[in-house]
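Visitor: Shown below is the structure under consideration.
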Amino acid sequence: MNSETNSPTEPVDVLLGKLFDILLSSLARPAVWRQLLVIGLILMIAWLFAKGMEKWRSSHMASVQQESKWLRHFWEKDLYRLVAPILMLILLNLAILWFAQQNQPTGLLRRMQVLFWIWLLYRILLVILYARFGARIRTYHRWFLTPIFLVLTGTLILRTLPGEIALTSLTFHLGTITFTLNELFASLLVLYGLLVSGWFIEQLLDHTLPRRLNANPGVVNSIATLVRYTISGLGIVIALSILGFNASSLAIIAGGLSVGIGIGLQDLVANFVSGLILLFEQSLRPGDVIEVNGNISTVQQIGLRATTVSTLDNIEVIIPNTAFTTGQVTTFTKSAKRVRTVMAIGVSYNSDTGHVKQTVEETAKQHPMILENPAPQLMFRGFGDSSLNFELTIWVDEPTRIPRVKSDLYYMLFDALAEQGIKIPFPQRDLNLRGGWEQLRDPHEKP
């Protein structure tokens, strides 16, 4: 590395220009571009081989016998990931042996060898995890394994470049704070690690504590959410400390935030406080069935800013937390899931009320989702213009199924009442003409 000629106190553009010149001079060396050419050929051969294998397996695996279906699935989804890195390592080792026999430098090839080994181990880990946990591991693959692999790969590539020490010592100024590129990278890495760790611990607590401690899922969700945000806040503080922000600097930032809150972040703070109230008070919990804007919905998640609910149409709606702390909320499952619903029924004036009561109640008892205790009960509510008005009271323990239960029951009641000869009336009006029909007749019409 020729970093001793570069001072980190120089302007960034000047230092980057010098590093770029060093990189160009290194690439101009025959030993370097020969190794780069070999690496490029290895990558191309591995890519073409992988494409050929993909076409072969798509045609060959279709003819595999049914009893080998598991092997076929395992090959297509898991083992196939290892073909490219294994082939690259084989070709790269052969190239290193050939260069050594020719007394040619192999430094760059050996660096790439380490990189290909990291790639192979990464793919092996994925194969094991997907074989053990299936698609459930996909989120952890995206947010844990892939970032770790990219960080290791980027660090290795950066250390391979000429002038790496000077590059990582680049100095930045933010007010009175001075930090290097190394410190910026470390702070971002720590921040990301703690943010993702907080999310992982939240998921772990949500899945393990309810089963092991027999705790209320709402309480567990509250604890897990608070743990996550505590770890995230700790990550922010540590990241700022790495960059050189001391207590006085953080106090200045807090003062600026307070001014911003006073100017335009009132709603955000109100939702944040409302989220804390919901988590601690437990007036709303994940899994509760509530009525929002006339729609029956199930609470999916309570965050510190907003709550996510799922409607009967499987549509997720994000609602600010203040809507639940400042407004009226109808919940069907606060203390128990058993709820009552009422259905209006009208029959003809010629009907026997006792017969109607017996028919309706017995029909309602036949529905499998209607509770036997309390039993369905038909109440006589009065005399209408065209019908005798009744209300059927039923109880169910699945509030989200109420619309389906009512629809099923109306179908059943329509058939049962018709079978018993009980008529369901419709509005009728009698027209009384005191002067007789003659006054409506056309005077020019012949009698």
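None of the figures in this text is laboratory data; all of them are computed from the coordinates on show. If you're wondering where the values come from, they're calculated on a predicted model, not measured in any experiment. Cβ: placed from backbone, ideal geometry, glycine included. Neighbour counts: every protein chain shown.
Visitor: Based on the Cα gyration tensor of the stretch 339-419, what are the three equivalent ellipsoid semi-axes, each the root of five times an eigenvalue, rounded to whole Å and given largest first? Walk me through the numbers before you get to the answer.
Guide: Values: eigenvalues 95, 31, 26 Å².
Result for the stretch 339-419: semi-axes of 22, 13, 11 Å.
Visitor: Which log10 I(q)/I(0) values, to two decimals, does the stretch 284-331 give at q = 0.28 Å⁻¹ under the Debye formula with one point per Cα?
Guide: -1.15
Visitor: What order, most packed first, do the peptides 288-295, 386-393 have when packing is the mean number of other Cβ atoms within 10 Å of each residue?
Guide: Numbers: 288-295: 15.4, 386-393: 17.2.
So the order, starting with the most tightly packed, is 386-393, 288-295.
Visitor: Using the per-residue mean of other Cβ atoms lying within 10 Å as a proxy for protection, in what order, highest first, do the peptides 342-349, 191-198 fall?
Guide: 191-198, 342-349
Visitor: Further, regarding this structure: Taking other Cβ within 10 Å of each residue's Cβ, how do Met112, Met412 sort, fewest first? The partial results should precede the final answer.
Guide: Working: Met112 25, Met412 15.
The most exposed by this proxy come first: Met412, Met112.
Visitor: Per-residue counts of other Cβ atoms within 10 Å, averaged by peptide: what ranking do you get for 89-95, 368-374, highest first? Before the final figure, lay out the partial values.
Guide: Numbers: 89-95: 17.0, 368-374: 11.3.
So the order, starting with the most tightly packed, is 89-95, 368-374.
Visitor: Moving to a separate point now. May I have the pair-distance distribution P(r) for the stretch 104-160, computed from all Cα-Cα distances with 5 Å bins from 0 and rounded to whole percent?
Guide: Using 5 Å bins, I get a P(r) of 4, 18, 23, 20, 14, 9, 7, 3, 1, 0 for the stretch 104-160.
Visitor: Please work out how much length the chain gains when fully extended from Asn314 to Arg136, using 0.36 nm per residue of separation minus the C-alpha to C-alpha distance, in nm with one decimal. Working shown, then result.
Guide: Numbers: separation 178, 0.36 × 178 = 64.08 nm, distance 2.10 nm.
This chain segment gains 62.0 nm when fully extended.
Visitor: Give me Phe200, Phe172, Phe99 ranked fewest to most by other Cβ atoms within 10 Å of their Cβ, as a rough exposure proxy.
Guide: Working: Phe200 16, Phe172 13, Phe99 19.
Going from least to most buried by this count: Phe172, Phe200, Phe99.
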